[in-house]
Amino acid sequence: MPTPRHAKTLRALIPALLVALVLTACGGTAGDPTVAATVNGEDIPIATVEERLEVAKADPQVQQNLEGDDGTVERQIQAQILSQLIRSSLLEQGAVGLDVTVTDADVDARLQEIIDSPQFGGQEAFDAFIAERGLSQEDVNTQIRDLVYQEKVQEALTADIEIPQDRIDAAFAEQAAGGGNPRARHILVGTEEEAQDVLSRLEAGEDFGDLAGELSTDPSAQENRGELGEIAPGQTVPEFEEALTAAAEGEVVGPVQTQFGFHVIERLAAPTQEEAEEQIREQLRSEEEAGVVEEWLLEQNAAAEVTVNPRLGAWDAETGQVTPVDPLGNLQEAPTEGGTEDLLPPPTEVAS
């Protein structure tokens, strides 16, 4: 089973790296009104785009964006959905050359992992999550299948990557010279009285991690025992950041009130190289993986042929997106970063 690291890395890479990679001609599907796009000879039906558009329109965020719309926003959403379908098709086709396949059993197993993860903690919470977003089980399975393809492709491409020790040594020396960001762990509770009780128990010698697992209302505390890792500037709310920055290494401070409740915070000592080595190795490996995956995507797209039904728009090779058309058949301005993407609800974040 691919690791969460692989999933996270490729999830971040696939949308960005397919941008400006696909060479295409426009108009190849004009003769078939039921086809939205053709990707290397494989059709994407207009019905699939329409079905996903209806799911998207059920989301409250999208409904808000569509208020007073003259059709422009809906066409942009439709174009974004088609862009996503084209990218998924390219990934799946490229996986064939790596002997990567995804079975229904793979999808079921990955889905069960997600349902049982701390994010959901069981079927009931997961069902509520997808119902709130208007997703059917088929929609979820499609997203999970795409995710498993991403994970398997990532693993196939990067399984042999090894990071030499000298690169780890150099990275740690550079990190140490820069001072690095403070590391922290915390226990979050609902009231100041509860936070004072936590402080009393810590002073009596109880273990911080044990108390975090027992008492913290932070959903991740059961898994990480309150560990937050390095905290970059702006990563937390101001009250938390100010208290952490003012604390000395090894000092426990609190109660610190934020919008989430009351925190007891410990600023941890800077890690030794031995402690930091695995994290550095993973970071360097992720960077190496990004280059390998990008090279693979470039190779796949060198021979790719993508055509888009001109009634829906045109494939923009520079942005890697479908540029929608207005009612007169004129191409609208191509979406920019933070544009059309923001019109759609976020994907089912099942692997975070």
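The values are calculated or read from the model by the stated rules, or taken from the named source; none is laboratory data. All values derive from a computational prediction rather than experimental measurement. Methodologically, a virtual Cβ is constructed for each residue, glycine included, from the backbone with ideal geometry; neighbour enumeration extends over all protein chains shown.
On the basis of being within 18 Å of the chain's Cα centre (by Cα), surrounded by fewer than 17 Cβ atoms within 10 Å (Cβ to Cβ) and in the same structural domain as ASP59 (by TED's automatic domain parsing), does SER117 make the cut?
Here the answer is yes, as SER117 does meet what is asked.
Which one is modelled with the lowest pLDDT, of the residues in the range 125-138 that are in contact with a helix residue (DSSP H, G or I) (Cβ under 6 Å, 6 or more places away or on another chain) and farther than 15 Å from ARG110 by Cα? So the residue we want is GLY134.
Looking across ALA243, ALA276, ALA290, one residue alone is at pLDDT 90 or above and part of a helix (DSSP H, G or I). It is ALA243.
ALA232 passes every criterion in (1) crowded, with 19+ Cβ neighbours inside 10 Å; (2) of a type in the set (A, V, I, L, M, F, W, C); (3) closer than 29 Å to ILE163 by Cβ; (4) within 22 Å of the chain's Cα centre (by Cα) apart from (1).
To keep it simple, each residue is scored yes or no on (1) in contact with an Asp or Glu (Cβ under 8 Å, 6 or more places away or on another chain); (2) closer than 18 Å to THR48 by Cα; (3) free of Cβ contacts under 8 Å to residues at least 40 places away in the same chain.
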| position | (1), (2), (3) |
| --- | --- |
| ASP69 | no, no, yes |
| LEU82 | no, yes, no |
| SER89 | yes, yes, no |
| ASP104 | no, no, yes |
| ALA109 | no, no, no |
| ILE114 | no, no, no |
| PRO118 | yes, no, no |
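Matching residues to (1) within 17 Å of the chain's Cα centre (by Cα); (2) in the same structural domain as THR217 (by TED's automatic domain parsing); (3) in a helix (DSSP H, G or I):
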site	(1), (2), (3)
GLN64	no, no, yes
LEU111	yes, no, yes
GLY134	no, no, no
ASP146	yes, no, yes
